[in-house]
Structures are given as C-alpha cells and as structure tokens.
Amino acid sequence: MKKYAAEFVGTFWLVLGGCGSAVLAAQFPGGLGIGFVGVSLAFGLTVLTMAYAIGHISGCHLNPAVSIGLAVAGRFETKDLAPYLLAQVAGGILAGGILYLIASGQADFSLANGFATNGYAEHSPGAYSLLAAATCEIVMTAIFLFVILGATDKRAPAGFAPLAIGLCLTLIHLISIPVTNTSVNPARSTAVAVFAGEAALSQLWLFWVAPILGGILGAVIYKAIGKEA
C-alpha cells in the first residue's frame, strides 16, 4: 500500500505543479506570465522532485504509460499494474479538483480557456491534426521511456536518473506544447479533462492510446539496443 500511496501523492504533485503552472501562471497579466518555457520547466521539476522523494518507495512512475512501458521492459511486475494505474489516475483527479477550486476563485475564470487540457484539431494550441498529435504523443512518450530505462539502468551513473528524466520531460514539453499541450501521460490528461467537460473528454481517448503505444515502443527499442551483451 505504501507504493500505491506514493504513486497517488506523486501524480497529485505532477498535475498540481505542472497543470497548475499552465492554468494559474502561464499568462499572468502584466507580462509576468511564465509562458511555454515556464510550464515546461514546471512539469520537469515535478518529476525531478518526486523522483528523489518517492523513487525509493514506488519507482516514481506517476504515469500509466511509464508503468506499462516498464512492465514491457521487464522492469516492473504486471501484478502491480492495475493498482498503480488506479493510484495515478486518482491522485491526478484530486489535484485537478483542487486546481479547479483555486482557479475558479478568480472572477473571470472560464473553462473556455482550456484548463490545461490536451487536444488535437480545433482543441490543439496550434490547430495540429489528429495524425500530427498522435505521432507527436507516440514519439515523445517513446523517447521518454527510452531515457527512463537508460537513466535507471544499473550501468548508468548512480544518482543522476531524476535529473535526466526531469530534464527529458521538460524538453518534451518545449517541443510539443504547441501540438497537443503535451500529455505523454494518460493520468495527467484525465485529471483535467474530467473538469473541463465534453470537448476535452471527447478527445481523451487519444491521450490514453498514443502515450501507451509510445511507452511500449520505447521499451521495445531499449530492450533491443540497450540490452547488456
């Protein structure tokens, strides 16, 4: 239960810190907003801080695509998949609810501004197509899993994995926020979609399917080229 509780808390922090920065601070009036770069860094920092805080307890997955990818790579027991995924989604939704409570305290708050949701076509920040969004999410998640597996390999330098993983997630956001608002994490997408309403929920399927496919792809690639001789 400690592992599942750690995943709950960790995913809570990822959503509150990452999506919270997007909703509350990205476009703050007076030129004080943190913008794409700030939001990208916030997501990376949530993973970096939690990797040090709970990595020794649960492995700090915080992401169904990561858990599934690690299972495919043989780094995670499949019996723990369902409870990990449930803990991640539940922690994310709680964070989404708290973020909604905070954000709705502003007089001109409106869900029409997106609430940090992910989307394609008319719901993509840059109006990117379904194909572009799916490709982006699959490739970015595959690279994320590849970095996670490499950084946590027993042959890698000890103690630096959280830095590599956090910076990788930051870079992923810098690339893909304009395309999908960056998911690479079904729990993160679900956490805000359930509060944002029908438009976000209607496209949520992609942000489960594409990251999971990407996670599996990244695991397969790393197993093929990273396996010890």
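The values are calculated or read from the model by the stated rules, or taken from the named source; none is laboratory data. For clarity, every value in this text was computed on a predicted model and none was experimentally measured. Ideal geometry is used to build each Cβ from the backbone, glycine not excepted, and the neighbour counts take in all protein chains shown. Note: areas computed on protein heavy atoms with side chains; ligands, DNA, RNA excluded. Shrake-Rupley method; radii C 1.70, N 1.55, O 1.52, S 1.80 Å.
Selection over the stretch 124-160 of residues that are within 18 Å of the chain's Cα centre (by Cα), more than 18 Å from residue 217 (Cα to Cα) and open to solvent by 20 Å² or more (accessible area, probe 1.4 Å) gives a count of 1.
Within the stretch 1-32, how many residues are within 16 Å of residue 178 (Cβ to Cβ), open to solvent by less than 50 Å² (accessible area, probe 1.4 Å) and without any contact (Cβ under 8 Å) to a residue 24 or more places away in the chain? So the count comes out to 1. Restricting the stretch 33-51 to residues that are β-branched (Val, Ile, Thr) and more than 18 Å from residue 113 (Cα to Cα) leaves a set whose member that is most open to solvent (accessible area, probe 1.4 Å) is 37.
Quick one: is residue 89 under 18 Å from residue 183 (Cα atoms) and at pLDDT 95 or above?
Details: under 18 Å from residue 183 (Cα atoms): yes; at pLDDT 95 or above: yes.
So residue 89 fits the description; yes.
The residues listed here are 199, 224; of these, the one that is open to solvent by 10 Å² or more (accessible area, probe 1.4 Å) and closer than 30 Å to residue 156 by Cα is 224.
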